[in-house]
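This report refers to the structure that appears directly beneath it.
The values are calculated or read from the model by the stated rules, or taken from the named source; none is laboratory data. Please read these numbers as outputs of a predicted model, since none were measured by experiment. Glycine gets a Cβ as well: all are built from the backbone with ideal geometry, and neighbour counts include every protein chain shown. Areas reflect the complete protein model, heavy atoms only, side chains present, ligands, DNA and RNA absent. Shrake-Rupley method; radii C 1.70, N 1.55, O 1.52, S 1.80 Å.
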Amino acid sequence: MKTIKLVITGLFVSLISSTTGFAQTNTGETSGGLKGGLNFSNMYVDDVDDSNVLLGLNIGLYGNFPLGNSLAFQPELNFTTKGSEVTYDNILDSGTRKFRLSYLEVPLLLKANLTKNFNLQFGPYLAFLIDSKIKNVSSDGSYTIDDLDEDDFNRFDAGLSGGVGFDFDTVGIGLRYNYGLKTVGKDQQIGGATYNALDAKNSNANLYIAFKF
């Protein structure tokens, strides 16, 4: 987690310094477009690791509003899948449990153009859970759908987002990381005690391609 925090802090510092150090770069006119790509998701409790990555997708719309010579505000509205894939092996059974959560996500990013084609992005994101699927696949190939549903999860998620991008005339590509700050599972009261079926937070990297309108 210390590494993740250092990366996020570095992106933020670079973003702020770029607003003065690269004042000659022009963000262009107000624009927007369509973007989409692949997600590499995980959930973490104390620290983020990449041992249980779940492959997903992201697709959405974005706007780009210049704030100065090198800085722009980029809000987005995305459909994105997050979650985790956990492999287990015990005396009763072995297999893989897949937590797949679908969100409508709104990143609110500052975008600093360090050069004509290269930029840094940083800001918060807000998300709303619209669907959840928990699938348990045993080693014999059979599977069951766990009885957790949307009521067991927090509807709202929030966190920090940072990344890098390359913009060209009508297309762009980028890599972004989202660090969740809210617990995915919802606290439940059972027999007077507090219980959380999924006491973890979202961790999500996405690779995207964007098409400018």
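Of everything listed in (1) open to solvent by 30 Å² or more (accessible area, probe 1.4 Å); (2) modelled with pLDDT under 90; (3) part of a strand (DSSP E or B), the single unmet condition for ASN52 is (3). A search for C-beta distances below 6 Å between a residue of the stretch 46-75 that is under 28 Å from PHE99 (Cα atoms) and any residue that is open to solvent by 80 Å² or more (accessible area, probe 1.4 Å) and modelled with pLDDT of 85 or more, counting only pairs 6+ apart in sequence or on different chains, returns VAL53/PHE40; GLY60/LEU77; LEU61/LEU77. Pairing residues of the stretch 164-187 that are among the aromatic types (Phe, Trp, Tyr) with residues that are not in a strand (DSSP E or B), at Cβ distances under 7 Å and at least 6 apart in sequence or on separate chains, gives PHE166/ASN117; PHE168/ASN117; TYR179/ILE4; TYR179/ILE8. Annotation: of all residues in the stretch 21-49 being more than 17 Å from GLU76 (Cα to Cα), in contact with a strand residue (DSSP E or B) (Cβ under 9 Å, 6 or more places away or on another chain) and of a type in the set (A, V, I, L, M), the one that is modelled with the highest pLDDT is MET43. The combined condition, being of a type outside the set (Lys, Arg), modelled with pLDDT of 95 or more and surrounded by 17 or more Cβ atoms within 10 Å (Cβ to Cβ), is not fulfilled by ASN113.
Mind listing just one residue for me: the one in the stretch 62-105 that is aliphatic (A, V, I, L, M) and surrounded by fewer than 16 Cβ atoms within 10 Å (Cβ to Cβ) and, of those, modelled with the lowest pLDDT? This residue is LEU92. If you go through the stretch 170-184 and pick out every residue that is closer than 14 Å to GLY37 by Cα and either surrounded by 15 or more Cβ atoms within 10 Å (Cβ to Cβ) or not β-branched (Val, Ile, Thr) (or both), you end up with 6.
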